[in-house]
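For reference, the structure is listed below as structure tokens.
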Amino acid sequence: MRADHEVADIFRAAGATYRTAHAGHLSLTQLKVMTAIENCRTAALGGHVEACEDCGHWRIAYNSCRNRHCPKCQGAAARTWLAEREADLLPVGYFHVVFTLPAQIAAIAFHNKALLYDLLFRAASETMLTIAADPRHLGARIGITAVLHTWGASMTHHPHVHMIVPGGGIAPGGERWISSRPAFLLPVRVLGKLFRRLFLTRLTQFYDTGKLAFFGPLASLSERRAFLRHLAPVRKKRWVVYAKPPFAGPEAVLAYLSRYTHRVAISNRRILAFNGSDVTLRYKDYRKDGADRERIMTIPADEFIRRFLTHVLPRGFHRIRHYGLLAGSSRKASLALARDLLHVAPEPEEPSAQEPVDLRPPCPCCGGHMIIIETFERWRQPRAPPVPALLIREHAS
């Protein structure tokens, strides 16, 4: 069901003005995201006519833009991704771990997204794999699914990585599975210290090799002393690594992943009002507890667009990554060994053929099955009027 107000509505109403006001300051990727969202599910992308096999009710369905930043296009993408990942789940408890960049580092990352978001992934994953492999802690090779989020509750820039980690791993010799404690995976203080050291060491290397860019209020950091002064507070500060309690079971893991893997900066249902110039949205203030967390804010449309575009990822950047047991070409072999060590049945070599899932909503009149009776190209409209139910059945046959 369509939300009362959507990101697309705001882009269509205020996008042209925003482009003009910020000409030369928007990347090609950001411009393409704006256009994709504005055109999503409109005649600009073409579409098809669906009709009910039973009662003949018909409706026009326009094509989706399928852009990964579009709030309306992520549901189908998430379902497809989850179906592929379901076979990776092991019959163990799963933990949720979050690595967050301090504000001083996030400010640098804002102007060096591809470089520092990648460093965030690499430093966080190396931290987890290193501490987990240490015999003083778990002493095993673990698996990690990591997802990058770059936003806070109010769409501000807040880069952090969510990790889903099985509660255990394979021993170095591959002869047994080592389980973590039921409610404890790895010490977060130890994780935070190593994460800080790894990240700052490589960040300094990037600076020394001239790979970092500084603009606006951070332009002075191009001078080395200013850069080191900027980093001085975070070298002494504790970098918080947050570990949530383990999930209740594999079903809970999937439910969580479906909410987080393909989330964008804001969902349409959080937009409460848009009057053409101002946007009212709902968000959570995590500094509060209980019902006090729910907050409402109103911001100008151009500020809403600016915040949204802040979270457009660099072209080709992978925001979902896998490490350890779940990495690349070794994933199938590692998971097969893990299942063997856990004494569970292996996954079948070839998945059984299944009927493709029909994602079209049922007929709003009788709940019947809808079929496509006509397609039309971009900027075109359907050629024919609705057809009787009899012709629909003939079309289907």
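The values are calculated or read from the model by the stated rules, or taken from the named source; none is laboratory data. What you are looking at is a predicted structure, and each value in this text was computed from that prediction instead of being measured. Methodologically, a virtual Cβ is constructed for each residue, glycine included, from the backbone with ideal geometry; neighbour enumeration extends over all protein chains shown. Accessible surface areas use protein heavy atoms only, side chains included; no ligands, DNA or RNA. Shrake-Rupley method; radii C 1.70, N 1.55, O 1.52, S 1.80 Å.
What are the residues in the range 72-101 that are more than 30 Å from Val344 (Cα to Cα) and open to solvent by 30 Å² or more (accessible area, probe 1.4 Å), if any?
Lys72, Gly75, Ala76, Thr100
To keep it simple, each residue is scored yes or no on (1) in a strand (DSSP E or B); (2) farther than 23 Å from Arg380 by Cβ.
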site	(1), (2)
His5	no, yes
Thr17	no, yes
Gly24	no, yes
Val33	no, yes
Ile37	no, no
Val49	yes, no
Ala61	yes, no
Arg66	no, no
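Determine the pairs where a residue that is buried (at least 18 other Cβ atoms within 10 Å of the Cβ), located within the range 239-257, has a partner that is in a loop (DSSP other than H, G, I, E, B) with Cβ atoms under 7 Å apart, the partner being 6 or more residues away or on another chain.
Filtered contacts from the range 239-257: Trp239/Pro102; Ala243/Leu185; Pro246/Gly93; Pro246/Gly167; Pro246/Ala183; Phe247/Gly93; Val253/Leu89; Val253/Phe247.
From the list Asp285, Asp289, which one is modelled with pLDDT under 90, more than 26 Å from Ser27 (Cβ to Cβ) and open to solvent by 90 Å² or more (accessible area, probe 1.4 Å)?
Exactly one of Asp285, Asp289 is modelled with pLDDT under 90, more than 26 Å from Ser27 (Cβ to Cβ) and open to solvent by 90 Å² or more (accessible area, probe 1.4 Å), namely Asp289.
So for the range 214-237 (the condition being assigned to a loop (DSSP other than H, G, I, E, B), without any contact (Cβ under 8 Å) to a residue 12 or more places away in the chain and of a type outside the set (S, T, N, Q)), does at least one residue qualify?
Checked the range 214-237: at least one residue is assigned to a loop (DSSP other than H, G, I, E, B), without any contact (Cβ under 8 Å) to a residue 12 or more places away in the chain and of a type outside the set (S, T, N, Q).
Out of Thr150, Thr127, Thr145, Thr156, I need the residue that is under 15 Å from the mean Cα position of the chain (by Cα), over 20 Å from Asp88 (Cα atoms) and among the hydroxyl-bearing types (Ser, Thr, Tyr). Which one?
The unique qualifying residue is Thr150.
Which one of the conditions (1) farther than 21 Å from Leu186 by Cβ; (2) in contact (Cβ under 8 Å) with a residue 60 or more places away in the chain does Ala106 fail to meet, given that it meets all the rest?
Here Ala106 clears every test but (2).
Here are some conditions: (1) in a strand (DSSP E or B); (2) surrounded by fewer than 18 Cβ atoms within 10 Å (Cβ to Cβ); (3) in contact with a Gly (Cβ under 9 Å, 6 or more places away or on another chain). Asp54 meets all but one. Which one does it not meet?
It fails just one condition, (1).
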